[in-house]
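Encoded as structure tokens, the structure appears first; notes follow it.
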Amino acid sequence: MTRGIAFELARQLAARHEVLVLCPGERTQLVRDESGLWLLTVVSSDGEEVCYPYLNRKTLAMVFDLLDEFGPDVVHAHDPVILGMVSLVWARTRGVPFVKTPHFVPDRILEFPPARERCCLRSRRSNRS
């Protein structure tokens, strides 16, 4: 699991607050790591650069149940898609404040392999018309 700025921020906040990080993992579960930080991991692919959560009705229901159990006062998302959207939907449906901190520049999104491949596929299809 990548430990970047989101984890460092969570660890700093956890010194004075209960903090949970929703992140990709090997299975869907709520655990405490070695530093005492709560992790709600969601079963995901283990790509070289990007992890994609496997979301189906059962997994999504489990994530929502575990978030309900933890009961955050505020949701702070760093991921612009998938888990960020899951946390946004959960927060909005429960009236919990939601904050988003982007860690990418939108005009550079095509530098990431999955976006670049989708764009190229669309371009090729468009050229056939």
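Just one of 74, 81, 99, 86 is surrounded by fewer than 13 Cβ atoms within 10 Å (Cβ to Cβ), under 20 Å from residue 45 (Cβ atoms) and either at pLDDT 90 or above or under 16 Å from the mean Cα position of the chain (by Cα) (or both); which is it? Walk me through how you get there before you give the answer.
Values: 74 fails: under 20 Å from residue 45 (Cβ atoms); 99 fails: under 20 Å from residue 45 (Cβ atoms); 86 fails: surrounded by fewer than 13 Cβ atoms within 10 Å (Cβ to Cβ).
The match here is 81.
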For the stretch 58-73, which residues satisfy the criterion of being of a type in the set (Asp, Glu) and in contact with a Phe, Trp or Tyr (Cβ under 9 Å, 6 or more places away or on another chain)? 68
If you check every pair at least six apart or on different chains, which have Cβ atoms under 9 Å apart with a residue in the stretch 90-101 that is farther than 19 Å from residue 60 by Cβ first and a residue that is at pLDDT 90 or above and not in a strand (DSSP E or B) second? 97/91; 100/88
Residue match in the stretch 25-40 (condition: under 21 Å from residue 65 (Cα atoms), aromatic (Phe, Trp, Tyr) and surrounded by 11 or more Cβ atoms within 10 Å (Cβ to Cβ)): yes
Among (1) at pLDDT below 85; (2) out of contact with any His (no Cβ under 8 Å at 6 or more places or on another chain), where does residue 21 come up short? (1)
Residue hits (the stretch 68-93; among the hydrophobic types (A, V, I, L, M, F, W, C), part of a helix (DSSP H, G or I) and farther than 15 Å from residue 24 by Cα) are 70, 88, 89, 90, 91
Only one of these conditions is not met by residue 60: (1) aliphatic (A, V, I, L, M); (2) modelled with pLDDT of 90 or more; (3) under 11 Å from residue 20 (Cβ atoms). Which number is it? (3)
So residue 11 fits all but one of (1) under 19 Å from residue 88 (Cα atoms); (2) in contact (Cβ under 8 Å) with a residue 24 or more places away in the chain; what number is the exception? (1)
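The values are calculated or read from the model by the stated rules, or taken from the named source; none is laboratory data. If you're wondering where the values come from, they're calculated on a predicted model, not measured in any experiment. FYI the Cβ positions are ideal-geometry reconstructions off the backbone, even for glycines, and counts take in every protein chain you see.
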